[in-house]
Structure formats: structure tokens, C-alpha cells
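Where a number appears in this text, it was derived from the coordinates with a stated rule and is not lab data. Worth saying up front: this structure is predicted, and the values here are computed from it rather than measured.
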Amino acid sequence: MKKSGCEGAAGPAGPVRQCMGCRSHLSKRDLLRVVRPPEGAVSLDAAGKAPGRGVYLCRNAACFKRVRKSRALERSLKSPVPEEVFAAIEALLTGDGS
Ligand SMILES: [Zn+2]
């Protein structure tokens with residue numbers, strides 16, 4: 001018998017996480033993960049598998065702008081978020097560098 005907590009519950013579409021910006025619950029693969037590893041600086045976790053505390057953002061520029069402005073990532077991770085992390089997320093969302 002397998003018990004599922006609220007974290008790690010997997011529906012038919014796979015694990016679901018909440019976007020920091022709009023509070024929508026989305027499939028992990030539709031979200032960007034920002035992780036604060038046990039050691040080192042906060043970074044964008046493209047594979048979604050890095051160890052550490054992670055927060056999620058949907059691929060929506062409006063959500064990104066909102067959390068950037070409100071500093072929701074910093075508050076949730078309890079750590080400063082380097083400018084290059086925001087730049088990397090922005091590049092992914094806007095399709096820069098492709
Ligand atoms: Zn969102």
C-alpha cells in the first residue's frame with residue numbers, strides 16, 4: 001500500500017507542482033525549477049532533478065515578472081537569487097539565444 005503525501009503525488013500526467021507566480025498546479029514538465037542546493041548559489045535547474053530546495057515557475061512571462069518584482073523566489077528559498085538566474089529564466093521564456 002502506497003501512501004502519497006501532497007508532495008510527490010503523481011497523477012496520470014506525472015508529478016504536479018505549484019507555480020510561484022500564479023499558484024496554478026501544473027505538470028512538472030511545464031514548469032521551470034529554481035533550486036537552492038545544499039551548497040552553492042541558487043540556480044536554474046533545467047533538468048528538475050538537482051538536490052536541494054526547489055521552487056517552480058510556469059513558462060509564462062507575466063508570472064516570471066511578478067515573482068521577480070515581489071521577490072517571491074528569494075522569500076521562498078530564503079536565499080538571494082543571482083541576477084544570472086533571472087536572466088536565464090527570461091531567456092528561456094522569451095526564446096532568446098535559440
Ligand atoms: Zn504561473
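May I have the extent of the alpha carbons of the range 15-94 along their three principal axes, as whole Å values ordered from largest to smallest?
Largest to smallest, the principal-axis extents are 29, 27, 21 Å.
How high is the relative contact order of the range 15-94, in percent, counting Cα pairs under 8 Å that sit 6 or more residues apart?
So the answer I get is 30 percent.
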